[in-house]
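The values are calculated or read from the model by the stated rules, or taken from the named source; none is laboratory data. Values in this document were obtained by computation on a predicted structure and should not be read as measured data. When we count neighbours, we look across all protein chains shown, and the Cβ atoms used for this are built from the backbone with ideal geometry, even at glycine.
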């Protein structure tokens with residue numbers, strides 16, 4: 001809201017001569033009738049459409065007969081006025097009519113009141129410059145009592161702020177003046193007997209601290225020095241904060257030095273935690289060997305003393321040894337459990353997918369004289385196999401050894417099929433099972449360029465005889481055969 | 001209420017701060033174009049010591065059209081009928097936008113001092129006034145005591 005032009009005029013009496021007879025405002029484009037009655041052009045034009053008379057003297061009048069008055073125009077241009085920064089918005093006035101006591105005393109309760117929102121009062125800290133009406137705008141544009149937004153406070157100022165800006169300023173002392181003082185200052189009620197009641201809307205101070213509001217241009221420089229929102233560096237972290245928040249920030253600044261309660265050394269706040277956990281010499285700590293059983297506690301600076309202490313050192317070694325022994329025992333136990341588990345898994349695998357062949361060779365002494373003994377054949381996945389022994393080796397190189405083989409009957413082998421076998425051949429020790437000899441193989445049958453696969457030097461015949469493998473002239477050979485893979489090589493189907 | 005012309009605000013301010021003698025006009029709080037008016041009966045008239053209540057309404061055309069004014073208090077007057085309607089030229093064809101609420105109310109106050117039975121609105125009252133002015137004035141005084149004694 002702008003201060004009305006009429007309010008700016010110093011000699012209020014002059015307004016009565018220079019106002020439009022219709023709208024009662026200061027003449028903007030003055031026009032007069034032949035008798036000199038003045039109206040604003042727009043008002044008299046409207047009036048003449050209804051009635052071709054001067055509204056004041058009722059002389060006959062038409063638009064063509066209206067005339068300018070150079071004197072009045074000049075008079076208005078030269079009116080002495082204050083600028084708008086001479087005034088500020090006062091509290092809204094509530095006007096109650098008062099007239100002869102006979103009416104007011106007995107009937108005031110039934111009378112209404114008029115709520116005047118546009119109450120402009122003189123701003124004690126405002127501009128006192130007087131200019132002519134003609135030069136008013138030029139002056140106002142450069143008036144150093146004009147207002148600017150403080151560059152440090154928030155930009156999204158609410159619309160209310162512009163009207164309240166004087167309240168935020170330090171010269172708001174007239175806010176709490178009584179109504180009469182306001183009215184006199186305004187010059188509205190001079191010499192009248194109207195009662196003016198100050199409307200107490202105490203809404204100032206509510207939006208305090210959000211922003212500086214509008215500051216007079218002439219006060220800006222000074223304001224920026226003391227502005228609660230001026231940027232201020234934290235002396236510890238060197239980051240920028242607004243002045244009113246700097247104390248709160250410093251209180252919590254990570255870079256602020258603090259005294260360690262224990263060692264009394266000054267430490268930056270953010271490093272305090274690691275100082276206590278890693279380096280404070282006065283911090284009570286556990287012995288590094290506490291995991292191994294040492295229950296000593298001492299301040300950190302005594303750590304070396306403790307570690308170098310002979311008694312403590314031998315104690316630590318004892319703890320380490322105990323720990324180590326226990327670990328080993330646990331490890332062995334775990335290993336045994338694992339082996340056991342592997343064995344069980346192997347057996348389970350064999351049971352589902354394997355074949356166990358047990359070959360009892362009776363009359364070993366008689367068989368041996370034949371040099372070669374062959375088992376009955378058995379069939380695995382369509383392939384016919386048999387086991388065989390060469391009692392005195394199968395070549396000159398293996399003389400004295402028993403050679404053992406798993407043979408495939410190649411003539412009966414199905415075409416286009418192959419078997420990948422994992423198998424072992426065991427000479428069972430009948431005196432002590434744990435001494436049995438086991439030979440292990442992974443072989444793809446049929447074998448390229450051969451019939452069987454085994455060990456040419458499986459066991460010395462002498463060992464077989466004297467180490468308890470033969471009992472009652474009987475040798476027991478066991479073979480576990482596991483089919484690891486069935487391989488199929490297939491052709492195009494024959495055409496019909 | 002925001003669209004209230006400055007002229008009406010200015011007139012209201014002046015009515016409140018510099019009331020005309022014997023006239024009180026106050027806008028209604030909910031409608032600033034509607035005024036409650038009290039006119040004190042002029043001295044040496046049959047309406048002396050009476051408080052006459054009126055209502056005054058400013059139409060949207062105001063000030064290019066006259067305000068609408070009506071007596072609320074019963075009054076025995078040749079230019080005011082029993083509904084309170086007033087026969088006054090400036091409220092009709094003689095209206096001028098240079099006139100104001102204040103001048104209208106002063107004219108009504110003057111009409112109380114100087115009844116004009118030759119331009120009647122209430123024919124029977126006007127007849128009474130012309131045939132026996134003394135008796136008519138007596139009746140007007142009785143009505144004033146009867147209906148306009150209280151300022152409420």
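The residue of the range B:80-93 that is nearest to the other protein chains (Cβ to nearest Cβ), among those that are assigned to a loop (DSSP other than H, G, I, E, B) and loosely packed, with under 14 Cβ neighbours inside 10 Å, is B:93.
Yes or no: the range A:24-37 includes at least one residue that is more than 17 Å from residue B:8 (Cα to Cα), without any contact (Cβ under 8 Å) to a residue 24 or more places away in the chain, facing another protein chain (nearest Cβ under 9 Å) and crowded, with 16+ Cβ neighbours inside 10 Å. Yes, the range A:24-37 contains at least one residue that is more than 17 Å from residue B:8 (Cα to Cα), without any contact (Cβ under 8 Å) to a residue 24 or more places away in the chain, facing another protein chain (nearest Cβ under 9 Å) and crowded, with 16+ Cβ neighbours inside 10 Å. The one condition from (1) modelled with pLDDT under 50; (2) within 26 Å of residue A:217 (Cβ to Cβ); (3) within 14 Å of chain B (Cβ to nearest Cβ) that residue A:172 does not meet is (3). Condition test on residue B:11, is it within 13 Å of another protein chain (Cβ to nearest Cβ) and modelled with pLDDT of 90 or more? Yes: the conditions hold for residue B:11. None of A:393, A:449, A:468 is touching a residue at least 24 places away in the same chain (Cβ under 8 Å), at positive phi and either out of contact with any helix residue (DSSP H, G or I) (no Cβ under 8 Å at 6 or more places or on another chain) or not in a loop (DSSP other than H, G, I, E, B) (or both) except A:393. Within the range A:372-387, residues that are free of Cβ contacts under 8 Å to residues at least 40 places away in the same chain sit with their Cβ atoms under 6 Å from residues that are in a loop (DSSP other than H, G, I, E, B), at 6+ positions apart or across chains, in these pairs: A:382/A:414; A:384/A:377; A:384/A:409; A:386/A:375; A:386/A:377. Mind checking which residues of the range B:65-74 are away from every other protein chain (no Cβ under 14 Å) and either touching a strand residue (DSSP E or B) at 6+ places or on another chain (Cβ under 6 Å) or closer than 21 Å to residue B:6 by Cα (or both)? Within the range B:65-74, B:67, B:68, B:69, B:70, B:71 qualify.
When the range B:52-64 is limited to residues that are in a strand (DSSP E or B) and either surrounded by fewer than 18 Cβ atoms within 10 Å (Cβ to Cβ) or more than 11 Å from the chain's Cα centre (by Cα) (or both), the one that is nearest to the other protein chains (Cβ to nearest Cβ) turns out to be B:55.
In this structure, is residue A:443 surrounded by 14 or more Cβ atoms within 10 Å (Cβ to Cβ), touching a helix residue (DSSP H, G or I) at 6+ places or on another chain (Cβ under 6 Å) and more than 14 Å from residue A:478 (Cβ to Cβ)? For residue A:443, the condition - surrounded by 14 or more Cβ atoms within 10 Å (Cβ to Cβ), touching a helix residue (DSSP H, G or I) at 6+ places or on another chain (Cβ under 6 Å) and more than 14 Å from residue A:478 (Cβ to Cβ) - is not met. You will find that of B:104, B:125, the residue that is assigned to a helix (DSSP H, G or I), in contact with a strand residue (DSSP E or B) (Cβ under 9 Å, 6 or more places away or on another chain) and under 30 Å from residue A:21 (Cβ atoms) is B:104 and no other. Once the range A:38-66 is narrowed to residues that are away from chain B (no Cβ under 11 Å) and part of a loop (DSSP other than H, G, I, E, B), the residue that is surrounded by the fewest Cβ atoms within 10 Å (Cβ to Cβ) is A:62. So, in the range B:15-46, of the ones that are more than 9 Å from chain A (Cβ to nearest Cβ) and not in a loop (DSSP other than H, G, I, E, B), which residue ends up surrounded by the most Cβ atoms within 10 Å (Cβ to Cβ)? The residue in question is B:39.
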